[in-house]
Amino acid sequence: MPEKQSTQVVKHGDVTQRVGVEVIRARGVDVEKLIKMLIANAAAEFASTYYYYTILRMHLAGHEDYKEICEDARLEDRAHWELIVPRIYELGGELPNDLKAFHDQAGCQAAKLPEPPTTVNILTMLLESERCAIRSWIAICDMTFGKDPRTYDLASRILNEEIEHEAWFIELLAHERDGKSIPSGHFRRGEPGHAPYSKNASFYNP
Ligand SMILES: [Fe+2]
Ligand SMILES: [Fe+2]
């Protein structure tokens, strides 16, 4: 029985090991690999919210409607960062002490403005960034499904929003570049960066 083995691994009163980790290891999760992947995803969310989407959004000057959508996507990446970082520590991992090393581990492309920074180029970058996020978070879902319900829950909540973000930028890019209507079907967020799936609003952020 996996439960018995993991209880035996962690001795009474031992603070150097975690039952919360051993139970998922016993179910087949490669915990060290999972921590690495979560750090890569956290780095991508960090770069995205605090830098990438910030400068890309600023350069959408004059397109107040695009900026508003971009702001929701940007702030929701901040919610993703805050949702996932505690999980890295619970698993026994930690953020790299060196910020540059952390940035270099990001699971998505380095963050910079496109050249030239036209609206179409910026929307294309935003769209591809959301696609990278979808690929990265579904990889976490695949790895944890049926084995690590907590990480799976957090990753799938983030994935919900990344899929919405892709649809938003498909809509905006199709309109701006091709003059085509491909509705994302989304309703306006209640407030900027509402993050309906990834913020623990009801019990964490009163
Ligand atoms: Fe994100
Ligand atoms: Fe996103």
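General remarks:
- Checking each residue of the range 96-118 against the condition of being in a helix (DSSP H, G or I), more than 16 Å from ligand 2 (Cβ to nearest atom) and open to solvent by less than 80 Å² (accessible area, probe 1.4 Å) gives at least one match.
- Wholly enclosed helices (runs of 4 or more DSSP H) of the range 1-79 bearing at least 2 residues within 30 Å of residue 98 (Cβ to Cβ): 19-26, 31-47, 53-58
- Checking every residue in the range 67-78 against the condition of being surrounded by fewer than 21 Cβ atoms within 10 Å (Cβ to Cβ) and without any contact (Cβ under 8 Å) to a residue 24 or more places away in the chain gives at least one match.
- Residue count, the range 145-193 (criterion: touching a Phe, Trp or Tyr at 6+ places or on another chain (Cβ under 6 Å), among the hydroxyl-bearing types (Ser, Thr, Tyr) and open to solvent by 40 Å² or more (accessible area, probe 1.4 Å)): 1
- Cβ-Cβ distances below 6 Å connect the following pairs, each with a first residue in the range 153-175 that is free of Cβ contacts under 8 Å to residues at least 24 places away in the same chain, a second residue that is small (Gly, Ala, Ser) and open to solvent by 10 Å² or more (accessible area, probe 1.4 Å), and a separation of six or more residues or different chains: 167/184; 171/184.
- Condition met for residue 141 (part of a helix (DSSP H, G or I), under 28 Å from residue 34 (Cβ atoms) and in contact with a Phe, Trp or Tyr (Cβ under 9 Å, 6 or more places away or on another chain)): yes
- Residue within the range 173-196 that is modelled with pLDDT under 90, in a helix (DSSP H, G or I) and of a type in the set (Gly, Ala, Ser) present: no
- Cross-chain or 6+ apart pairs with Cβ under 6 Å, the range 43-58 first and more than 14 Å from residue 162 (Cβ to Cβ) and within 12 Å of ligand 1 (Cβ to nearest atom), then open to solvent by 20 Å² or more (accessible area, probe 1.4 Å) and in a helix (DSSP H, G or I): 46/81
- Inter-residue pairs, beta-carbon under 9 Å, first without any contact (Cβ under 8 Å) to a residue 60 or more places away in the chain and within 15 Å of residue 35 (Cβ to Cβ) and in the range 93-105, second open to solvent by less than 40 Å² (accessible area, probe 1.4 Å) and aromatic (Phe, Trp, Tyr), 6+ apart: 95/102; 96/102
The values are calculated or read from the model by the stated rules, or taken from the named source; none is laboratory data. Fair warning: this is a prediction, and the values are worked out from it, not measured in the lab. Heads up, the Cβs are rebuilt from the backbone with ideal geometry, glycines too, and the neighbour counts pull from every protein chain shown. Side chains are part of the model used for accessible areas, which takes the heavy atoms of the whole protein and leaves out ligands, DNA and RNA. Shrake-Rupley method; radii C 1.70, N 1.55, O 1.52, S 1.80 Å.
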